[in-house]
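Quick notes on the structure that follows.
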Amino acid sequence: MVDIVQKGNPVLRQTARTIPVDEIRSAKIQKILEDMKNALTLQDDGVAIAAPQIGQSLRIFIVSKKVAALAKGHEDMSEKGLSKFKDVVYINPEIKKLSRIKLRLDEGCLSVRYLYGKVERAEKATVTAYDEKGKKFTKGASGLLAQIFQHETDHLNGILFVDKADDIVEVLPEKHA
Ligand code: ZN
């Protein structure tokens, strides 16, 4: 089992390292992707994870299949219900475009338990990245996925949402129910 690194650990404050494209298919990187997916799956409220959050200072984030399911209005979030959706890997992601329109959004983080706050984010974002096979792609997003792109890219640059948030409150998990 892979633990999620918590605020205070210096790895969360480092600028994560770019991965040479010819190393993406290496056993080492593929193992890290596997570890990240497993760590994310174990977090009921997790929608994405960045490599520094499992202690790897590398430019990778993964968006949970839950996000694709939510976007489709899918309600069954059990493992079986989610089986037709896939976690999406972003390696060496770069934000290419942000909308001028900004929204004040609720945000939390698997590495900043259990704080939540309001963060200003662009409503739309476009990223380029490499997938787990080393193929480059471009993805535009709005809503939750655009917010995730910005939150996760911040992780790769050593930034946590609490650096930018206001109205921060602590909400312990038992109150979520
Ligand atoms: Zn986070």
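The values are calculated or read from the model by the stated rules, or taken from the named source; none is laboratory data. All of these numbers come straight from a predicted model, not from anything done at the bench. For neighbour counting, all protein chains shown are included, and Cβ atoms are generated from backbone atoms with ideal geometry for every residue, glycine included. Surface accessibility is based on the protein's heavy atoms, side chains included, excluding ligands, DNA and RNA. Shrake-Rupley method; radii C 1.70, N 1.55, O 1.52, S 1.80 Å.
To keep it simple, each residue is scored yes or no on (1) farther than 26 Å from residue 55 by Cβ; (2) touching a residue at least 60 places away in the same chain (Cβ under 8 Å); (3) of a type in the set (D, E, K, R).
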{"residue": "105", "(1), (2), (3)": "yes, no, no"}
{"residue": "113", "(1), (2), (3)": "no, yes, yes"}
{"residue": "143", "(1), (2), (3)": "yes, yes, no"}
{"residue": "151", "(1), (2), (3)": "no, yes, no"}
{"residue": "158", "(1), (2), (3)": "no, yes, no"}
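With respect to residue 68, is the statement that it is open to solvent by less than 60 Å² (accessible area, probe 1.4 Å), modelled with pLDDT under 95, not in a loop (DSSP other than H, G, I, E, B) and not acidic (Asp, Glu) true? Spelling it out, residue 68 is indeed open to solvent by less than 60 Å² (accessible area, probe 1.4 Å), modelled with pLDDT under 95, not in a loop (DSSP other than H, G, I, E, B) and not acidic (Asp, Glu). Residue 166 passes every criterion in (1) more than 27 Å from residue 24 (Cβ to Cβ); (2) surrounded by 19 or more Cβ atoms within 10 Å (Cβ to Cβ) apart from (2). Selection within region 89-103: residues that are away from the ligand (no atom under 16 Å from the Cβ) and closer than 21 Å to residue 54 by Cα. The member of this set that is surrounded by the most Cβ atoms within 10 Å (Cβ to Cβ) is 91.
Which members of region 62-76 meet the condition of being more than 24 Å from residue 173 (Cα to Cα) and either touching a residue at least 40 places away in the same chain (Cβ under 8 Å) or among the basic types (Lys, Arg) (or both)? 71, 72 - these are the residues of region 62-76 that are more than 24 Å from residue 173 (Cα to Cα) and either touching a residue at least 40 places away in the same chain (Cβ under 8 Å) or among the basic types (Lys, Arg) (or both). Pairing each residue of region 8-21 that is within 18 Å of residue 32 (Cα to Cα) with any residue that is open to solvent by 60 Å² or more (accessible area, probe 1.4 Å), provided the two are 6+ apart or on different chains, yields C-beta distances under 6 Å for 15/157. For region 118-141, filtering for residues that are more than 25 Å from residue 23 (Cα to Cα), touching a residue at least 40 places away in the same chain (Cβ under 8 Å) and away from the ligand (no atom under 12 Å from the Cβ) leaves 3.
Taking the conditions exactly as written (hydroxyl-bearing (Ser, Thr, Tyr), exposed (fewer than 15 other Cβ atoms within 10 Å of the Cβ) and either closer than 21 Å to residue 11 by Cβ or touching a strand residue (DSSP E or B) at 6+ places or on another chain (Cβ under 9 Å) (or both)), does residue 126 satisfy them or not? Considered against the rule, which asks whether it is hydroxyl-bearing (Ser, Thr, Tyr), exposed (fewer than 15 other Cβ atoms within 10 Å of the Cβ) and either closer than 21 Å to residue 11 by Cβ or touching a strand residue (DSSP E or B) at 6+ places or on another chain (Cβ under 9 Å) (or both), residue 126 comes out as no. For residue 86, the conditions (1) open to solvent by 80 Å² or more (accessible area, probe 1.4 Å); (2) touching a strand residue (DSSP E or B) at 6+ places or on another chain (Cβ under 8 Å) all hold with the exception of (2). Filtering region 33-60 to residues that are away from the ligand (no atom under 13 Å from the Cβ) and open to solvent by 10 Å² or more (accessible area, probe 1.4 Å) leaves 34, 35, 37, 38, 41, 42, 44, 55, 56, 57, 59. Answer yes or no as to whether residue 81 is more than 20 Å from residue 20 (Cα to Cα), small (Gly, Ala, Ser) and in a strand (DSSP E or B). Spelling it out, it is not the case that residue 81 is more than 20 Å from residue 20 (Cα to Cα), small (Gly, Ala, Ser) and in a strand (DSSP E or B).
If the condition is being within 13 Å of residue 60 (Cβ to Cβ) and either crowded, with 19+ Cβ neighbours inside 10 Å or of a type in the set (A, V, I, L, M) (or both), then region 133-159 contributes 152, 153, 155, 156. With respect to (1) among the charged types (D, E, K, R); (2) at pLDDT 95 or above; (3) in contact with a helix residue (DSSP H, G or I) (Cβ under 9 Å, 6 or more places away or on another chain), the lone exception for residue 75 is condition (2).
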